[in-house]
């Protein structure tokens, strides 16, 4: 008895070739797992989940000397709801919770301490940093970058290639990192740039390519660099 | 007899370790296949093709409840021309056609119903969405994002990190999705943003970082946000 | 005797499952290697290095007819310093040197003839093109694009999603390719665009979303499109 727990599998689980499953993993009924998948220690996977080829689930963070990072020991296992669909070449960390029916596109990556609400879409090649809360029925389109310490409320739409930041002093100050807050049903155009700590109000719209340096009030549309309201 | 067709291999095919090849795949002469490669059902690969490690060819699309998507049954197999070079960690979907001598860089992904003409370059980490037609001798540089329902004519040059979109109402309307059209030999600078439905004329130039909200006439150069002609 | 050299392993090396190691590889003490990793011919790995799952080290470049590329024969092996940490789904080419304590995030890729100084961070999904020199204690944040023929001095900070370019004529001229030079301790905001050949001076700051078309003098802050000095 060494305390190791064998993985637990539901019924109707299908495995691709060369799948690596670590200890204490729990996999629900009718889960489909691709080829060359790695499922790390403790990961919980709901029923009906689909996992593409070459994907890593439950990765533990690392750091070099230049980075401050809490020890991974306190991270909860990765928890994946029912009917979630995960693409190929995805990396999802320990300490993440994905609600039911979430879709994670190919090559997306999601760091620790992130929650994603039910039926949200994390597009292909999207990168989500730690400690960010994403609501339900949110769309984050392809290649957008979601910084850490961000709040994205329900039904927000983020177009492709958007960029966000959380550090006013770009690594040079002691600024408390704070990403943008995007409120209910706000919409962000492709390749928009959002600065640290700003709030995009409910139902507000940010135009494609806009550089948003201040709060956008609810229902308003901002465009340009720097972004200003449309008359 | 269950109707399954065994893969067919030409002469001089070399395989890396741990390659997964599904039924009904056809591989031409002198093809080189890397390690941990997945070649899905029905994929056709021409002679002299090189395939990097950890690449998936012929993937079938998926969707969650929030997305409308045609059933994959009607998609043709992935068809790869002669002498095509495909990098590592690439994902290419069923329903794609790659012309002879196309190069697809590492970590690029190409969705279904896309055609790429001969000798074109799809750079590293480029993402191409469904139903887009890319001509011959086109260059799409690293990390650019090619939306769906786009037309890119022959010899177009798209610099790195460009962003395109196809949905004027950002998920909120019934707008018919239409990506930009980029005409013969037009050139797009790095990190430019192209809005839905616009046309970039023949030999036109879009400057780096420009946000293009309207058509650019043939031969003109546009820069800025919003983009305006250079005098 | 065919001249092949067997790999050489230090003490305390741990291997994931399904690791492919080619000839003439040298691996130091206490190296940790993930699952489905490919280590190509000749790669040198220092002691205490961590390598994530699904990563390729020492890849040889390829090209199609449209691209000019020197033959790979003259590239030195990939050389990885001590205590380097490399994420999952990373691709690093032959002809790269990584200093001690460098961190390379998941899904990053680094082309040939690149050097990275000690303790620098190459963030997740960052792409580095050939022939670029990156100093020590540099941070390149997530999804930024570092073009070829660039010089990044020590302690530079590059925010997420930045874009750089090196070709004034976008594939149409005989311009000598030259990427930007970023001097000591300069800081670049997220989604900034840097044009070919410009210099960002020591301690200078480029605002988020700025499009930098000219040199930025030392200590100055530039914002906007085109970027201008802040009063």
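The values are calculated or read from the model by the stated rules, or taken from the named source; none is laboratory data. Everything quoted here is computed from the prediction, not taken from an experiment. As a convention, Cβ positions derive from the backbone with ideal geometry for all residues, glycine included, and neighbour counts pool all protein chains shown.
Quick look at the values:
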{"read-out": "Unmet criterion (only one of (1) surrounded by fewer than 19 Cβ atoms within 10 Å (Cβ to Cβ); (2) under 24 Å from the mean Cα position of the chain (by Cα)) for residue C:204", "value": "(1)"}
{"read-out": "Of all residues in region B:222-231 being assigned to a loop (DSSP other than H, G, I, E, B) and either touching a residue at least 60 places away in the same chain (Cβ under 8 Å) or more than 11 Å from every other protein chain (Cβ to nearest Cβ) (or both), the one that is farthest from residue C:227 (Cα to Cα)", "value": "B:231"}
{"read-out": "Qualifying residue in region C:186-199 (condition: modelled with pLDDT under 95 and either crowded, with 24+ Cβ neighbours inside 10 Å or closer than 21 Å to residue C:125 by Cα (or both))", "value": "no"}
{"read-out": "Criterion (surrounded by fewer than 21 Cβ atoms within 10 Å (Cβ to Cβ), over 19 Å from residue B:158 (Cα atoms) and at pLDDT 95 or above) met by exactly one of C:159, C:135", "value": "C:135"}
{"read-out": "Flag for residue A:94 being under 19 Å from residue C:54 (Cα atoms), away from every other protein chain (no Cβ under 11 Å) and within 16 Å of the chain's Cα centre (by Cα)", "value": "yes"}
{"read-out": "Among the residues listed as B:143, B:125, B:148, the single one being surrounded by fewer than 24 Cβ atoms within 10 Å (Cβ to Cβ), part of a loop (DSSP other than H, G, I, E, B), within 12 Å of another protein chain (Cβ to nearest Cβ) and touching a residue at least 12 places away in the same chain (Cβ under 8 Å)", "value": "B:148"}
{"read-out": "Members of region C:99-116 found to be within 10 Å of the chain's Cα centre (by Cα) and over 24 Å from residue A:130 (Cβ atoms), listed by number", "value": "C:111, C:112, C:113, C:114, C:115"}
{"read-out": "Count - residues of region A:128-140 that are part of a strand (DSSP E or B) and over 10 Å from the mean Cα position of the chain (by Cα)", "value": "1"}
{"read-out": "Flag if residue B:169 is more than 10 Å from chain A (Cβ to nearest Cβ) and outside any strand (DSSP E or B)", "value": "no"}
{"read-out": "Selection from region B:207-221 of residues that are more than 19 Å from residue A:226 (Cα to Cα) and either within 13 Å of chain A (Cβ to nearest Cβ) or under 21 Å from the mean Cα position of the chain (by Cα) (or both)", "value": "B:214"}
{"read-out": "Condition check for residue B:79: over 10 Å from the mean Cα position of the chain (by Cα), away from chain C (no Cβ under 14 Å) and touching a residue at least 24 places away in the same chain (Cβ under 8 Å)", "value": "yes"}
{"read-out": "Residue that is farthest from the other protein chains (Cβ to nearest Cβ) [pool: residues in region C:172-193 that are more than 20 Å from residue C:118 (Cβ to Cβ) and within 16 Å of the chain's Cα centre (by Cα)]", "value": "C:181"}
